[in-house]
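Reviewing the structure listed below.
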Amino acid sequence: MWRSTNKLFMRSSKREIKRLLSSIKNMAASNYLQSEDQFLCCICLDVFTDPVTTSCGHNFCKDCITKHWNSNYLYLCPMCKKEFNTRPELHVNTLISEMVAQFRKAAQQKASSSSRRSEQQVFKPGEVPCDVCTETKLKALKSCLVCLTSYCETHLEPHLTKSGLKRHQLIDPVENLEDRMCPKHDKPLELFCKTDQTCVCMLCIVSDHKMHELVPLKEGYEGRKAALDVQIQQMIQKRRHNIQEIKDSVNLSKEEADREVAEGVQVFTALMESARGLNKLMDTVKEKQKTTEKQAEGLIKALERNISELKKRSTLMERLSHSEDHLHLLQSFPSLKVAPQTNDWKKVSIRPSSHEGTVVRAVVQLEETLSKTLHRSSSLRSRFPECRR
């Protein structure tokens, strides 16, 4: 019974081997990593560990199928439910085991490559993109002067590993690699002509640049760079000298501005003093005017009282005139003729208050102040023409 079972197992194993070999060929032909489902154990749902094959042709992890049969009374295949009369002896299928190992390795490499690719920076405006990327353009890591192509880290790998590509000259990524080709001969520009100050290819040497002084690109660059450095340093020194001149001018201007501000303060202070003098003059004049008005008011009241008294005498005379007693009229007339005691109004007069002294002093002081102010103002206008506006 065991012998027949073993033969059946061997025939099944051969069929499985043929199927797996065919699968390997397909993988090699398509250069494509097979689906993980082909290497999954249906019990633990993980990639095979120590894979074994039953006589019915199904594969399981050795530990998984062992535990499965240990927990059941019948020895059934978990996949097809085929029953075995006796418990089959299990041996690791070395072919599948090797395939699983290769699968794990390939999966790890793919994951590592994918991780590296995800870590690479996506091309952004202003950066050099990889010329090989077809979907998402990644940032180029190097440019090849032989291939005239820029590569990201992933696509650069052949240039770092393959002997034929290792000899290619790699530089930091640059745009417009076609500009590094001779427009006349379509060859790489490899030398610098110091005579004509231009880059040339190997064919240019024998055609247009015979007997010219030719140097490698690096030497030509270093010479041009040294000359440019000297020129730049001279320009820097000149600019620094200009900066110092400007700073000195600013300092002089600031000192002059400070002087002008001080003089301006003096001018306007004098004007403010003049304004205060004017206010004082106005107060003095107003005070004198009040005194004059008060004096006039007293005189007017006295005169009005005198007028009232005279009116009373006039009324009395009018009343007496209606009497026919002429003797009495003649006797009363002397008393009516005498005027009431009054001041000598002929000598009383109200003259305008004299402000001549106050005004003269104020005018003299104002003239002096204005003279000084105008002198300073003229000085300011001569130095600051914009003040005239």
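Values computed for the structure shown
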quantity: Answer residue from region 136-151, given it is in a loop (DSSP other than H, G, I, E, B) and not small (G, A, S) and is farthest from E178 (Cα to Cα) among those; calculated: T136
quantity: Checklist (1) in contact with an Asp or Glu (Cβ under 7 Å, 6 or more places away or on another chain); (2) of a type outside the set (A, V, I, L, M, F, W, C); (3) at positive phi applied to N176, failing item; calculated: (1)
quantity: Residue in region 296-306 that is surrounded by 10 or more Cβ atoms within 10 Å (Cβ to Cβ), small (G, A, S) and closer than 30 Å to D196 by Cα present; calculated: no
quantity: Yes/no for C133 being free of Cβ contacts under 8 Å to residues at least 40 places away in the same chain, part of a loop (DSSP other than H, G, I, E, B) and surrounded by 15 or more Cβ atoms within 10 Å (Cβ to Cβ); calculated: yes
quantity: Boolean, H68 is closer than 30 Å to A106 by Cβ and out of contact with any strand residue (DSSP E or B) (no Cβ under 7 Å at 6 or more places or on another chain); calculated: yes
quantity: Qualifying residue in region 111-118 (condition: touching a strand residue (DSSP E or B) at 6+ places or on another chain (Cβ under 9 Å) and modelled with pLDDT under 85); calculated: yes
quantity: Residue match in region 154-167 (condition: touching a residue at least 12 places away in the same chain (Cβ under 8 Å) and in a strand (DSSP E or B)); calculated: no
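The values are calculated or read from the model by the stated rules, or taken from the named source; none is laboratory data. Note that this is a predicted model, so its numbers are computed, not measured. Methodologically, a virtual Cβ is constructed for each residue, glycine included, from the backbone with ideal geometry; neighbour enumeration extends over all protein chains shown.
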